[in-house]
Amino acid sequence: MHPASTRTHRVPAPAARIKYSSILRPPQRPLIPRASMKYWKKGWLGHYDDKKVGQMVFSIHVTPDGDRLATAGVDGKIRIWSTASILSPEDDPNTPKQLCSMSTHNGAVTCVRFSPDGRYLASGSDDKIVMIWERDISGVGLGKVFGSNETNVENWRCTKRLVGHENDIQDLAWSHDGSLLVTVGLDSLIMIWSPPTFTRLRTLKSHQSHIKGITFDPASRYFATSSDDRSVRIIRTSDFGTEAVLSEPFKNSSIGTYFRRVGWSPEGGFLGVGNAMNGPVTCARVVQRGTWNSDLSLIGHEGPVEVMSFSPIVYKKEAHKEATDTNTYCITASAGQDKRLALWSTERSRPIFISDEVSEKSISDIAWSPDGLTLFGASYDGSIVMLRFEPGELGVACSKEEVIGMLGKYGHGMRGVVYPESTEQLEREERTDARELQTKGKGGGDVMISDLPQAQAQAQAPTAFSAPVIPAAVAVPVQQTPSKPLQQKITVTKDGRKRVAPQLLTTISGGGHTAASALPQPVAVAQSSSGGGGGQRVIDLSEPSAQLPPGGVKALLVGNKRKLDAANGAAVGGAAEGEEWIRPAIVNPATTVSQIRLSVPKVISVLSHEGGDPDATTTLEARNGRGEGEPTRLNAVKRGILQWTDYTPRSILLLTSTPEFYAAACEDGSLLTWSRNGTRLLPPIVLESQPVFLEGMGGWLMCVTSVGMVHVWNLTTFKAAHPPISLASVLDAAVIGGTEVRRAPALTRASVTDKGAAVITLTDGDAFTYSASLQSWLRVSESWWMVGSQYWDASGMLRSRLDEEKVGIVAMMERRTDEAVMRLGRGRVLNRIVKAPVLMRKGFEGFEMSVSVSHLENRLGAACVLGSKEEYRTTLITYVQRLASEGLKEKLEELFKGLLGPTAYAEKGDWEPIVAGNEKRKLLREAIEAIGKHRELQRLMREYEEALGELEVDGATTAHAMEM
């Protein structure tokens, strides 16, 4: 069945040596310019009994350094040979030939394979055991083998016995980095082991019949298995899932072969499989990676092909050109039941040569030397055959660097594929999968925190690593409302033709279902300040103080010689549309000598503040009078029924209320407070100047005065959160920014959290909070994160529905920054002006990654200071996922160490077990589960999981002792 120009050669006696030159020269460019291949077969090389009767050899393999050859067969022995003696033209009696013989298996040894580093030798047998051998350099066990005439020059010792298979083991293979060992057998099982502990990681039941072949992708992304169910399966090493199933070429193939050994080309592009069919003709197939098509048939065998093996060398077609897919080819050898040995090139479908009857029986296995110049074959007749090529005979070899470069497109070397080292790692990954599914089922997290950027797939590879993409916010369920029919505007041109006017995508909905409503929407919750299982309460900071002008409260910093013009906002204190204002407020004399001067709201006739109670049915109304003769009247009305009334001779500027109290700010700088039933809580609080902001949350009341002083009180305990704090440092920082001095910003928002933290926002987008413990203002949000962070929604598409949502404190401050920058007209050009030039500049390759990580760290710190429990937890999970994806192990270990705390009570020191209302060790366990799929961190995760387990055991023991 092979081409007529190929001559058939009968193999002489085992001791014979011939020069074989039967080379096929097709009409194309000759692959081998001159044939000088040699065929070797030595009488002492093989498996023979005492009567010199050959014993079937099932497997053969060469060490990575090429110094040793391992063979195994039906006699239950594994033999290690010296390749120097095999390749020597003459037999030197002083040079050892067989180095070692091992007979520990209790049955025929069907496969032997050296690990890529040469340290281990794995053997499989029909006794259902896999043995791992290591060379013993101690010198013990050398000399005569007991009960045999063989002599051991070196000793190989069995260090591991891998038990699990239920039937004969037919084949095994190491991953190319030695991180995995996969065994297959007649029990139809695929078992995956993890060196050096050789823990069984996974057992796969992918096939329906005996599995007789296994090989690894040199890029370590896949391995392929061949079975008697007439299929070849491509299995991913990342999750051990099936990537592809090849069955078409094997529909009518024989199931009577003892092996179905497959091979993968060294540059990763081709998979060679035997025992295939092309119509009625038996053949081998070459499968192309990625598409997994097997259109190339290698026809030249008269019987089933049991083994295929690629040379480890990649060759160039043209030596002076660069190694590319079009300028390289690979060599593969095939053999089987017809006792033929064929050599093929991937650049053509015709064989380089075919040699008949190289042995007296079928060939069971073939192996190449590391330099690709020697091909060994094992036969059922007990002999070992060898083909030897001259350097350059098969082509010009590519360098190792060029081959690695070709493998790079499949993900080789790109942070590598990290394999699980224990079953605990796989269980951890399953918990991570379950957690992700649970999170998706709940509609996402509770904070405006973006998901971890997804890895971009590499070419023709299912799992790879690359730069992250811009993430989206965590999705929450959005109530859908029926959309109105789209009303298109039709215009008529001068020539009478009709034209449909285009519309923006964000305006084509009827209001209930905009284009942005399909996007994930941010939402956050905060713990109730009352604590103790009282549930959660939404933080609503979306509304500013009453009667604020559109541009916010203007600020003037005396000494910077800068004033605001009319372009920065409307007149301060202007009454809302439809409201009657009486007069401007009387300015306190203290304002004229203050460094900071904030505009005071005008006095209007009627003010009202709705809400303050859980069902938002109570309204506090103030009707300003004109003095003692006509005092100001305050009414609290609930569902149209008057609850209580109070009077004051002073004009009211601002009102606020919470479920705990009502408060009013007067024109003379005093504050009035009432309980929900109208009882005066305190005598009037006298301030240094008129209030310009008045806000409440829970039991906390905050006021900002016209001289820039911030006051915060707890009206439950009647204590101040901190002394009055000036806004001077905040406004100075806003004026001096970048490389130029800017005009003073306006104060647009002022709020207080349920923890008593004051929060303010300026017109330039910067948001600040005051930390009483640090006695400093902290900048929580700024437009810089919009420029460089991947966790910022700079598109503005979410803002169409943000007013309908209640978001967390940190997310709300970032929302205000986004709105402020957009109002200044800079939002849509920031990326074009700043980001793009920076990314193209040398030295800024990691700009986005660094800024994104810093943004998450800023969020984390802000949530900690503000006591936002859910935001801290969700931000922490996102943060550890990003650190894990970027490989920032040092930062991750630092974080884990802080969450774990001391392992002994005496070492506790200043460590606190709670952060932002969360238990640190509970957060640590959740963080470990969130990054469970990052196998490169499995040792770090295992270390801290074990530490947590020990602490839990110690805690349980201590609790039990205390009970006793």
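The values are calculated or read from the model by the stated rules, or taken from the named source; none is laboratory data. Keep in mind that what you see is a predicted model, and the values were worked out from it rather than measured. Cβ sites come from the backbone with ideal geometry, for glycine too, and all protein chains shown count toward neighbours. These accessible areas exclude ligands, DNA and RNA; they are computed on the full protein's heavy atoms, side chains included. Shrake-Rupley method; radii C 1.70, N 1.55, O 1.52, S 1.80 Å.
Applying a threshold of 25 Å to the alpha-carbon distances of Lys160/Lys933; Lys719/Lys920; Lys160/Lys212 flags Lys160/Lys933; Lys719/Lys920 as lying beyond it. Cross-link pairs exceeding 32 Å between alpha carbons, from the set Lys42/Lys321; Lys51/Lys339; Lys42/Lys409: Lys42/Lys321; Lys42/Lys409.
For the set Arg79, Arg113, Arg873, solvent exposure ranked by accessible area (probe 1.4 Å, protein chains only) runs largest to smallest as Arg873, Arg113, Arg79. If one computes the Cα centroid of the range 307-377 and of the range 205-261, what distance in Å separates the two points? Centre-to-centre distance over Cα atoms comes out at 21 Å.
Checking every one of the chymotrypsin sites (Phe, Trp or Tyr not before Pro) in the range 265-339 against DSSP loop status and a limit of 12 other Cβ atoms within 10 Å picks out no site at all.
Of the chymotrypsin sites (Phe, Trp or Tyr not before Pro) found in the range 871-936, those in coil by DSSP whose Cβ has at most 15 other Cβ atoms within 10 Å are Trp911. If you take all other residues with their beta carbon under 11 Å from the beta carbon of Leu655, and give Lys and Arg +1 and Asp and Glu -1, the sum is -3. Of the GluC sites (Glu not before Pro) in the range 610-675, the ones in a loop by DSSP (not H, G, I, E or B) with at most 10 other beta carbons within 10 Å are Glu628.
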